[in-house]
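Please see the structure below; I have some questions.
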Amino acid sequence: MENKMEGIHALADVQSTNVGKGTRIWQFCVVLAGAKIGSNCNVCAHVFIENDVVVGDNVTIKSGVQLWDGIRLEDDVFIGPNVTFTNDLLPRSRQYPEAFAVTTVKAGASVGGGATILPGIVIGRRAMVGAGAVVTKSVPDGAVVVGNPARIIRYVCSSDECFPVDPATQGGTRDG
């Protein structure tokens with residue numbers, strides 16, 4: 001890796017000056033001037049990041065991802081390869097909304113490769129989106145969602161918190 005700045009590959013086009021310490025941005029990435037990227041992130045090859053994007057600390061963005069205006073990734077988020085984010089509910093060629101929908105992926109959440117995230121969605125803290133899922137509505141904290149449209153199949157646990165499954169709703173509610 002040859003650096004224009006520390007951690008930025010010589011073949012990346014990073015126009016933003018708001019890139020945190022320890023962040024690595026690999027070849028063939030484009031990061032527009034208004035983007036904000038936190039510390040200790042890993043932005044893999046072939047990623048595009050638009051102006052009104054905020055990426056927290058310790059975030060991994062795998063290859064083939066585009067982060068459009070209005071995308072917010074909090075700390076410790078994982079975005080798998082070729083995840084598709086959208087930011088316009090009614091897209092038309094050369095017609096732009098006054099403001100793009102804000103989509104937020106909360107701290108510690110993971111989005112599996114090839115998933116599609118519709119605009120205005122919130123993916124909850126420590127939630128997991130399965131590979132290839134199509135997320136059409138917000139995902140609660142700790143939920144695991146899969147399919148098209150994405151549906152909750154269970155909740156995940158960590159050492160300090162547990163999100164139990166309600167068998168009556170097949171994991172559709174959280175009671176704790």
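If Gly114 passes every condition in (1) under 17 Å from Val135 (Cβ atoms); (2) crowded, with 20+ Cβ neighbours inside 10 Å; (3) without any contact (Cβ under 8 Å) to a residue 40 or more places away in the chain but one, which one does it miss?
Single failed check for Gly114: (2).
For residues that are of a type in the set (Ser, Thr, Tyr) and either under 19 Å from Gly64 (Cβ atoms) or part of a loop (DSSP other than H, G, I, E, B) (or both), scanning just segment 76-130, find the one that is modelled with the lowest pLDDT.
Applying the first criterion (of a type in the set (Ser, Thr, Tyr)) to segment 76-130 yields 84, 86, 93, 96, 103-104, 110, 116.
Keeping just the survivors that are either under 19 Å from Gly64 (Cβ atoms) or part of a loop (DSSP other than H, G, I, E, B) (or both) gives 84, 86, 93, 96, 103, 110, 116.
Values: Thr84: 98, Thr86: 97, Ser93: 95, Tyr96: 89, Thr103: 98, Ser110: 98, Thr116: 98.
Result: Tyr96.
Condition first: buried (at least 18 other Cβ atoms within 10 Å of the Cβ) and among the polar types (S, T, N, Q). Now tell me which residues in segment 20-65 satisfy that.
Thr23, Asn58
Glu6 fails exactly one of the following numbered conditions: (1) free of Cβ contacts under 8 Å to residues at least 24 places away in the same chain; (2) outside any loop (DSSP other than H, G, I, E, B). What is the number of that condition?
Condition (2) is where Glu6 drops out.
The values are calculated or read from the model by the stated rules, or taken from the named source; none is laboratory data. Computed from a predicted model, the values in this text were never measured in an experiment. Backbone-built Cβ (ideal geometry, glycine too); neighbour counts: all protein chains shown.
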